[in-house]
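Report on the following structure.
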Amino acid sequence: MTERHITHSETLSNGCTIEVKAEILRDGSLKMFMGVYWPDGSAIVEDKHPSPHLLDMEAAMEWAIEKAKTIGNSQRTL
């Protein structure tokens, strides 16, 4: 099986940034990462094992992006 990767990075309106990565490994399992960062780059959340149960890679990415945006947009920045 060929490895597949998807990465999404975005700066939110409050200056926080999100980074979401998904990768299908050779054994067919899905590896994910979700990061939410303050405008200075320090981590708010870094989750190496988000759990989008029973979703394919594209749906898992959409789920993780929305989760990261919710966390990021809830932060108050100056």
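Since every read-out is calculated from the coordinates, none of them should be taken as a lab result. Bear in mind that the values here come from a model prediction, so they are computed numbers and not experimental data. Because the Cβ atoms are built from the backbone with ideal geometry, glycine has one as well, and the counts that use them run over all protein chains shown.
Per-structure values
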quantity: Extension gain from Lys48 to Lys69, taking 0.36 nm per residue of separation minus the Cα-Cα distance; calculated: 5.9 nm
quantity: Residue among Ala64, Ile44, Ile24 farthest towards the positive dipole end of the chain, charges placed on Cβ; calculated: Ile44
quantity: Candidate values [x] 3, 17, 28, 21, 14, 9, 5, 2, 0, 0; [y] 3, 17, 30, 30, 15, 4, 0; [z] 3, 15, 17, 16, 13, 10, 9, 6, 5, 3, 2, 1, 1, label of the one derived for P(r) over Cα pairs in 5 Å bins from 0, in percent; calculated: [x]
quantity: Extension gain (nm, one decimal) between Glu23 and Glu10, 0.36 nm per residue minus Cα-Cα; calculated: 2.8 nm
quantity: Crossing angle, helix 57-73 versus the chain [Cα axis fit, 0-90 degrees, rounded to tens]; calculated: 10 degrees
quantity: Order by protection proxy (mean Cβ within 10 Å, highest first), peptides 16-25, 50-59; calculated: 16-25, 50-59
